[in-house]
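A.B. asks: Can you keep this structure in mind? I'll have questions shortly.
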């Protein structure tokens with residue numbers, strides 16, 4: 001009976017020891033996975049629904065950069081899951097567009113949604129990962145949401161049909177958003193074998209298996225979209 | 001080589017959930033210059049062949065209606081756009097509900113001119129209620145839907161003829177003009193748009209819309225049936241974010257020429273004149289709207305070669321509250337009253353039966369552009385065979 005009680009404690013102690021060891025060992029090398037994500041077909045800008053009730057030309061809005069992709073490790077070292085800092089990031093509303101259009105965060109991050117536009121906005125999401133509705137609020141005001149569960153959260157404005165954004169919430173810190181030319185770099189990846197995944201809203205995800213050694217960057221390129 | 005403990009990034013990363021299961025945005029082509037959207041609305045409700053509280057001038061029951069709509073906006077240049085919408089109701093003949101050309105002469109000034117079958121200049125609901133995206137209700141406000149006893153193509157010979165048709169707007173007959181039994185008209189039709197020219201200007205917190213059209217608010221038309229034109233306009237104000245208010249006015253020839261020739265000596269212009277006021281305030285999860293519409297028709301009575309002014313006043317207030325991201329609750333209180341007229345000696349009844357309507361709706365969003373709604377609507381009428389009735393109805397609406 002006493003042994004049955006002791007067993008879980010021993011398992012927890014062993015796990016703690018292993019995790020501590022991992023933290024020490026992963027801090028040493030600075031190996032990166034880098035490359036480029038290209039899209040076979042560049043996704044078009046988000047357009048407003050044709051509203052025949054409008055009595056004027058619709059107002060212009062900032063174009064949405066839908067070429068940005070997110071690259072992440074499908075599996076990651078345990079230590080990458082244990083860094084839970086209180087992080088705040090911003091998803092702005094400017095000229096009837098969410099900026100940035102794609103935001104990648106680690107679970108536990110709080111996202112501020114400031115309204116820096118001239119008009120009302122109503123930010124909401126029906127995604128199972130984090131359903132929320134911030135209600136209508138005017139320019140100069142901001143509301144925030146903390147994202148604790150990993151997953152994809154699609155964000156909309158209830159008033160402007162062409163406004164949308166993606167928030168990708170990760171359980172670990174090995175992810176990045178590509179730059180305007182599709183380049184990415186995942187830093188501080190400990191040695192090991194990983195599956196690297198590239199995600200873009202307009203295409204199916206693709207994955208690559210890569211082996212990271214003690215030194216030297218690893219390159220993994222992606223070409224997303226239908227042939 | 002260090003030891004690596006490998007764990008999954010996500011227990012269940014819903015990659016497939018990134019995109020919604022059915023299209024969520026409009027279809028665009030030619031670098032976004034052509035945009036096509038659609039709307040499918042199916043209302044399921046009780047059969048109503050006795051009270052006709054929710055019938056339209058197209059003889060459809062708004063609580064029991066299937067509507068398919070296809071809308072397009074083609075903007076070949078920054079100054080020019082072609083806008084149109086084709087609809088079918090209850091799988092009937094598809095009709096063009098909107099078809100107009102929009103021109104912006106000066107790109108630096110928010111002045112737009114529209115020509116064709118255009119959105120209404122008068123009031124607020126007429127433009128909003130056309131699509132289900134910003135409408136939390138299945139039913140319509142009385143002023144925009146309820147059929148009065150008046151018709152543009154047939155008129156009473158005597159006051160008694162009008163009195164006989166009281167509370168029978170769904171199917172009226174008069175001895176002068178068209179002999180067919182047909183529905184009367186609402187104060188403003190929410191189901192058809194008028195044809196003409198419209199100008200809209202916006203500057204800061206003020207916007208002005210004005211138009212010249214061939215029909216009237218009650219009877220929007222593609223082709224004119226009299227020589228008179230309707231003038232209508234609205235002045236809108238946005239004093240601060242969240243509040244929108246407006247005042248409207250309109251006047252146009254109502255009676256068709258086939259009737260005018262039968263009552264050549266009756267005085268007056270037989271016009272419909274209307275004034276309106278509307279307001280909307282929204283904040284957080286609340287939205288409150290209200291509108292007031294006053295209308296006067298100058299109707300000839302053929303036997304006496306006289307005319308009478310028949311007035312109606314529609315007023316309603318509605319509110320909606322988003323309880324959760326998926327659930328919206330809404331309620332509307334609505335009243336339509338009519339003026340008294342000289343019917344027979346010593347009797348001055350209202351020329352149509354006043355109606356009250358209360359509606360409560362609950363909406364559940366399956367996804368952003370797919371919603372289920374349920375409504376309970378209570379109607380009370382001071383006249384007619386059926387004086388009060390409660391309806392239960394459901395709706396599924398999808399748009400992209």
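Every read-out reported here was derived from the displayed coordinates using simple, explicitly stated rules and does not represent laboratory data. All values derive from a computational prediction rather than experimental measurement. As a convention, Cβ positions derive from the backbone with ideal geometry for all residues, glycine included, and neighbour counts pool all protein chains shown.
A.B. asks: Enumerate the residues in region A:98-119 having an amide nitrogen under 15 Å from the point lying 7 Å beyond the Cα of residue A:180 toward its Cβ.
C.D. replies: From region A:98-119, the list is A:100-101.
A.B. asks: Something else: Would you mind checking region B:293-322 for residues with the amide N under 12 Å from a putative spin-label position 7 Å along Cα→C-beta of residue B:269?
C.D. replies: The answer is B:298.
A.B. asks: With n ≥ 4 as the cut-off for DSSP H runs, can you work out [θ] at 222 nm for the protein assembly as shown, using -39500 (n - 2.57) per run divided by the number of residues, rounded to the nearest 500? Walk me through the intermediate numbers first.
C.D. replies: Values: 5 runs with 44 residues, N = 627.
Result for the protein assembly as shown, helices only: -2000 deg cm²/dmol.
A.B. asks: Name the shape class, rounded, prolate or oblate, that the alpha-carbon gyration tensor gives for region B:2-399, where a ≥ b ≥ c are the square roots of its eigenvalues, rounded holds for a/c under 1.5, and otherwise prolate holds if a/b is larger than b/c and oblate otherwise. Mind showing how you got there, number by number?
C.D. replies: On the way: a/c = 2.16, a/b = 1.59, b/c = 1.36.
Prolate, because a/c is 1.5 or more and a/b exceeds b/c.
A.B. asks: Follow-up question, since we're still on this one. Connecting C-alpha atoms closer than 10 Å in a GNM of chain A, tell me which of A:165, A:32, A:138 has the biggest fluctuation.
C.D. replies: Taking springs between Cα atoms under 10 Å, the residue moving most is A:138.
A.B. asks: Each label point is 7 Å from the Cα along the Cα-to-Cβ direction; what then is the distance between the points at residue B:179 and residue B:317, in nm?
C.D. replies: It works out to 5.0 nm between the two label points.
A.B. asks: Using only atoms on other chains, find how many Cβ atoms lie within 10 Å of each Cβ of peptide B:104-112 and report the average.
C.D. replies: Details: counts 2, 0, 0, 1, 0, 0, 3, 2, 4.
Counting Cβ atoms of other protein chains within 10 Å of each residue's Cβ and averaging gives 1.
A.B. asks: Here's something else I'd like to know. By how many degrees, 0 to 90 and rounded to 10, does the Cα axis of helix A:2-27 deviate from the longest principal axis of chain A?
C.D. replies: 70 degrees
A.B. asks: Relative contact order for chain A: what percent, with Cα pairs under 8 Å and sequence separation of 6 or more?
C.D. replies: Working: 499 pairs, mean separation 66.1, N = 227.
Reported relative contact order: 29 percent.
A.B. asks: Just need the relative contact order of region B:275-390 here, percent rounded to a whole number, with Cα pairs under 8 Å and 6+ apart. Don't jump to the answer; show the numbers that get you there.
C.D. replies: Working: 248 pairs, mean separation 19.0, N = 116.
Over region B:275-390, the number comes to 16 percent.
A.B. asks: Give me the distance in nm between label points sitting 7 Å out from Cα along the Cα-to-Cβ direction at residue B:388 and residue B:364, one decimal.
C.D. replies: 3.0 nm
A.B. asks: In whole angstrom, how far apart do the alpha carbon centroids of region A:53-69 and region A:153-227 sit?
C.D. replies: Using only Cα atoms, the two centres lie 26 Å from each other.
A.B. asks: Could you please rank A:34, A:226, B:340, placing first whichever residue has the fewest other Cβ atoms within 10 Å of its Cβ?
C.D. replies: Numbers: A:34 16, A:226 7, B:340 12.
Least to most surrounded, the residues fall as A:226, B:340, A:34.
A.B. asks: While we're here: FRET efficiency for residue B:201 and residue B:164, Cβ-Cβ distance as r, R0 = 30 Å, nearest 0.05? Intermediate values should be presented prior to the final figure.
C.D. replies: Details: r = 47 Å, r/R0 = 1.56.
FRET efficiency, residue B:201 to residue B:164: 0.05.
A.B. asks: Here's another thing I want to ask about it. Got the relative contact order for region B:191-347 handy, in percent, Cα pairs under 8 Å and 6 or more residues apart?
C.D. replies: Details: 360 pairs, mean separation 22.0, N = 157.
Relative contact order of region B:191-347: 14 percent.
A.B. asks: Here's a follow-up. In nm, give the distance between the simple-model label positions of residue B:305 and residue B:29, each being 7 Å from the Cα along the Cα-to-Cβ direction.
C.D. replies: 6.2 nm
A.B. asks: Kindly state, to the nearest 0.05, the FRET efficiency for residue B:47 paired with residue B:324, given R0 = 30 Å and r defined as their beta-carbon distance. Can you show the working numbers first?
C.D. replies: Working: r = 33 Å, r/R0 = 1.12.
FRET efficiency, residue B:47 to residue B:324: 0.35.
A.B. asks: Given the options B:106, B:170, B:193, which has the most mean-square fluctuation in a GNM of chain B, springs set between C-alpha atoms less than 10 angstrom apart?
C.D. replies: B:106
A.B. asks: If you don't mind, another one. If you build a Gaussian network model of chain B, linking Cα atoms that sit under 10 Å apart, which residue out of B:30, B:358, B:254 swings the most?
C.D. replies: In this elastic network of chain B, the residue with the biggest mean-square fluctuation among B:30, B:358, B:254 is B:30.
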